[in-house]
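Reviewing the structure listed below.
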Amino acid sequence: MALAVVAPFGARRAWRRRAVIRRHLGFVLPASLLGVTAYNTFVNQAGLTTPAANMGMIMAASPVLMAVHERVGGVRLGARRVAGLLIACAGVVLLVGGGATAVGAGDLWMIAAACCFGGYSALLRHRPAGLDGVAFLFTAFLVGTVLLLPAQALSLAVQGGFTPTPGTVGPLLYVGIASSAVAFFAWNKAIALIGPTRAGIVYYLQPVCVALLSWALLAEPTGWTQALCMTLILGGVMLGAGGAPVRRAPRR
């Protein structure tokens, strides 16, 4: 659905830039695999067994992963940022443990999704200059959809098909248009303008919004463990974001 929404705006642009896309398949393929194929698959799988509030708080740790990717890419991280990232990680560990030793399968799927999204966000900094945002978005959706076909065929063979109902049409449209096409376009634009670490600040508010919406709309319970995790994650990422501007390590 997201591919169909973006196609009228991006298909012609991508066709005109097909030579650039071919030259930079080493960027396009992993970005599509991480950001579209793997990320969306893992998120949907996590949603089968994990409450929406947990999913939102785990994704709030994405700035941690983005910072790790940037450090690997040569960006220096100060002590304040490292301390904030460790505090946020503690919140995620407590969250997925649920105050006990058991870790739910859905939590692990969501952590895998966050890792994929962090890698995708880091890759966006290397988007070729000749490939504009709309053309890249269409290409990523197209390649990601193609990469999903084997998993879709296996799902159809094992679980059978899915028939939309009046009650599911609205959520499907929202997922395909708002949370996929529009959200990915806005995120890619933010990365291009300010980089993944600064853009990741948006995730600091995500667990609050998700927890409140899941409580109000889905009647999911919110206990003291989630409140503590929310405090640790938000406090950690805010501490890390308040440090001095990062500097790239000198090349040797």
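Throughout, read-outs are computed from the coordinates displayed, never taken from laboratory work. A quick note: this is a predicted structure, and the numbers were derived from the prediction, not measured. When we count neighbours, we look across all protein chains shown, and the Cβ atoms used for this are built from the backbone with ideal geometry, even at glycine.
Listed values, structure above:
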item: For segment 1-88: rounded, prolate or oblate by the Cα gyration tensor [a/c cutoff 1.5]; result: oblate
item: Per-pair calculated FRET efficiency, R0 = 22 Å: Leu149 and Arg23 via Cβ, rounded to 0.05; result: 0.35
item: Extension reserve of the Ala157-Ala227 stretch, reckoned as 0.36 nm per residue once the Cα distance is removed; result: 21.1 nm
item: Packing-based ranking, highest mean first, of 134-145, 177-188, 156-167 given that Cβ atoms within 10 Å are counted; result: 134-145, 177-188, 156-167
item: For segment 104-167 and segment 14-80, distance of Cα centres in Å; result: 10
item: Net charge contributed by nearby residues that have their C-beta within less than 12 Å of Gly133 (K/R +1, D/E -1); result: +3
